Amino acid sequence: MMTKPHKMKHVYSIGLILLILAGVIGVSHALVFPQDTRCILIDFYDFENDENLYYRSATSPEIKAQLKVLISKAGYRVDTFWGEKTTNPTYIYCDNDADYLKFGVPFMTPASAKMKLDSYVVISKDGVDLDIIAHEISHTELYERIGFLNRSFKIPTWFDEGLAMQVDYRSYYSLDTLKVKSDNFQNLPQVIKMNSYAQFGSGTRKEVMLNYMTAKYEVWKWYSPQNLTSFTNAINDGFDFEEAMTAP
């Protein structure tokens, strides 16, 4: 029989092993996903916050007020499209490029969404825009409804982006624009074969924009509130993407 001191030593040993393992996992995550890790640890950086909006102290009151209004309007747009908004991401506004490269993505884009443990929308100076913020919130809404693993391993990029484009009304991504550029929808890129962002985001700027427009069109043809609800339910029930797309 193990004596009490031996039991305590055994417990301490297991605790130490778990602590070391957690440290290794944390360091590994920080090395592989540095932007995601920084978002998760945003409270340890020199940012101020107003509820779930984080910003540098140099950010003007006018920009903060504008961001809060846009976030509210974007949230309402997502709520209307999805039937109910369930996501409540943390918003990180980066008033300089260096911060955006640290918290967003390692190349400049207007905004990006991070979904690890929680959801984060990182906004650059060029991302202070209703359509852009609504687009990113929609990414987090899908994550909130189906979870990290399902979104990561079941959802192709073209569908994820096409779904987010439904709440993105920028005119140069509109279906009218696509109609003109594609000879009345006859000459379209095969986005439904683009499962990864490496495929979807490759090519010239015009080609990538056309991918976004086409993904928007493909999801628009499929979408109805009932289809969207059936889809997320089917994904959560273990169906693969193709099965979920046709779920009753």
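The values are calculated or read from the model by the stated rules, or taken from the named source; none is laboratory data. Nothing here was measured: the structure is a model prediction, and the numbers come from that model. Neighbour counts are summed over all protein chains in view; Cβ atoms, including those assigned to glycine, are modelled from backbone coordinates with ideal geometry.
From ASP240, ASP183, grab the single residue that is touching a residue at least 60 places away in the same chain (Cβ under 8 Å), surrounded by fewer than 16 Cβ atoms within 10 Å (Cβ to Cβ) and more than 18 Å from the chain's Cα centre (by Cα). Write out each step before concluding.
Values: ASP183 fails: touching a residue at least 60 places away in the same chain (Cβ under 8 Å).
Sole residue among the options that is touching a residue at least 60 places away in the same chain (Cβ under 8 Å), surrounded by fewer than 16 Cβ atoms within 10 Å (Cβ to Cβ) and more than 18 Å from the chain's Cα centre (by Cα): ASP240.
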Practice task
Considering only the range 91-107, state which residues are surrounded by fewer than 22 Cβ atoms within 10 Å (Cβ to Cβ) and touching a Ser or Thr at 6+ places or on another chain (Cβ under 7 Å).
Solution key: ASP95, VAL105
Practice task
Go through (1) touching a residue at least 60 places away in the same chain (Cβ under 8 Å); (2) within 15 Å of the chain's Cα centre (by Cα) and name the single condition PRO106 misses.
Solution key: (2)
Handout entry: Among residues of the range 194-225, those that are in a helix (DSSP H, G or I), surrounded by fewer than 11 Cβ atoms within 10 Å (Cβ to Cβ) and free of Cβ contacts under 8 Å to residues at least 12 places away in the same chain, counted
Key = 4
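Looking at the structure I just gave you, is VAL121 in contact (Cβ under 8 Å) with a residue 60 or more places away in the chain, under 22 Å from SER57 (Cα atoms) and among the aliphatic types (A, V, I, L, M)?
Criteria not met by VAL121.
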Practice task
Provide a single number: the residues in the range 108-121 that are among the hydroxyl-bearing types (Ser, Thr, Tyr) and loosely packed, with under 13 Cβ neighbours inside 10 Å.
Solution key: 0
Completion exercise
Condition set farther than 24 Å from GLY238 by Cβ and in contact with a Lys or Arg (Cβ under 7 Å, 6 or more places away or on another chain), scope the range 122-165, selection surrounded by the most Cβ atoms within 10 Å (Cβ to Cβ): answer is VAL122
Practice task
For LEU188, state whether it is surrounded by 17 or more Cβ atoms within 10 Å (Cβ to Cβ), on the phi < 0 side of the Ramachandran plot and in a helix (DSSP H, G or I).
Solution key: no
Practice task
State yes or no: is TRP222 under 27 Å from ASP118 (Cα atoms) and either outside the structural domain of THR80 (by TED's automatic domain parsing) or in contact with a helix residue (DSSP H, G or I) (Cβ under 7 Å, 6 or more places away or on another chain) (or both)?
Solution key: no
Handout entry: Every pair of residues 6+ apart whose Cβ atoms lie under 8 Å, when the first sits in the range 32-48 and is in the same structural domain as CYS94 (by TED's automatic domain parsing) while the second is of a type in the set (A, V, I, L, M)
Key = GLN35/VAL105; GLN35/VAL122; THR37/ALA30; CYS39/ILE92; CYS39/VAL122; ILE40/LEU117; ILE42/ILE92; PHE47/ILE92
Completion exercise
Selection from the range 157-185 of residues in a loop (DSSP other than H, G, I, E, B) and closer than 13 Å to LYS216 by Cα yields GLN166, VAL167, ASP168, TYR169, ARG170, SER174, PHE185
Completion exercise
Among residues of the range 28-41 being surrounded by 14 or more Cβ atoms within 10 Å (Cβ to Cβ) and more than 17 Å from the chain's Cα centre (by Cα), the residue modelled with the lowest pLDDT is HIS29
Practice task
Report yes if ALA215 is modelled with pLDDT of 95 or more, in contact with a strand residue (DSSP E or B) (Cβ under 9 Å, 6 or more places away or on another chain) and not assigned by TED's automatic domain parsing to the domain that holds TYR54, otherwise no.
Solution key: no
